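The values are calculated or read from the model by the stated rules, or taken from the named source; none is laboratory data. Given the structure is predicted, the values throughout are model-derived calculations rather than measurements. Methodologically, a virtual Cβ is constructed for each residue, glycine included, from the backbone with ideal geometry; neighbour enumeration extends over all protein chains shown.
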Amino acid sequence: MFMGGNENDGYFCTICGGIPPDKITTKRVLIGGKETGIDHLDWIPGEVKKLAMDDDATVTEEIVKRVKQFNYVPTKKTADYGAGLLAVYKKFREENP
């Protein structure tokens, strides 16, 4: 891989212009059994935690609402996204009491 750029301007592949694989920071989650990239997943659980909610349905609704701000969530897959994202949130809560 040929990488150009710097910290100020960002890094890119000098052949195709895309993001070099080692610079991709999008977190991946299992959604309906399929690994799916979710942008801003490093930030969203912390924001939802600040709301101090314990009800899974309400937490799921808030997480999905925030995920939809930065990612496409197909309407037919909303329940799958909710289940996968809730699992990520619960793990986040265990690691960040």
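Give region 70-91 a look and list any residue that's of a type in the set (S, T, N, Q) and touching a residue at least 24 places away in the same chain (Cβ under 8 Å), or say none. Reasoning before the result, please.
Of all residues in region 70-91, those of a type in the set (S, T, N, Q) come to 71, 75, 78.
Asn71 - this is the single residue of region 70-91 that is of a type in the set (S, T, N, Q) and touching a residue at least 24 places away in the same chain (Cβ under 8 Å).
Please tell me if Lys77 is outside any loop (DSSP other than H, G, I, E, B), among the basic types (Lys, Arg), surrounded by fewer than 13 Cβ atoms within 10 Å (Cβ to Cβ) and modelled with pLDDT of 90 or more.
For Lys77, the condition - outside any loop (DSSP other than H, G, I, E, B), among the basic types (Lys, Arg), surrounded by fewer than 13 Cβ atoms within 10 Å (Cβ to Cβ) and modelled with pLDDT of 90 or more - is not met.
Considering region 40-58 alone, what residues qualify as being assigned to a loop (DSSP other than H, G, I, E, B) and more than 14 Å from Lys27 (Cβ to Cβ)?
So the first thing to find is which residues in region 40-58 are assigned to a loop (DSSP other than H, G, I, E, B), and the list is 40-43, 50-55.
Scanning region 40-58 gives Lys50, Leu51, Ala52, Met53, Asp54, Asp55.
Condition (residue is at positive phi and either free of Cβ contacts under 8 Å to residues at least 60 places away in the same chain or within 12 Å of the chain's Cα centre (by Cα) (or both)) applied to region 41-50: is it met by at least one residue? Give the steps one after another, and end with the answer.
In the first step, residues of region 41-50 are kept if they are at positive phi; the result is none.
No; the residues of region 41-50 include none that is at positive phi and either free of Cβ contacts under 8 Å to residues at least 60 places away in the same chain or within 12 Å of the chain's Cα centre (by Cα) (or both).
Would you mention how many residues in region 21-39 are closer than 12 Å to Tyr89 by Cβ and not in a strand (DSSP E or B)?
0
Please determine whether any residue of region 37-60 is touching a strand residue (DSSP E or B) at 6+ places or on another chain (Cβ under 7 Å), modelled with pLDDT under 90 and over 24 Å from Pro97 (Cα atoms).
yes
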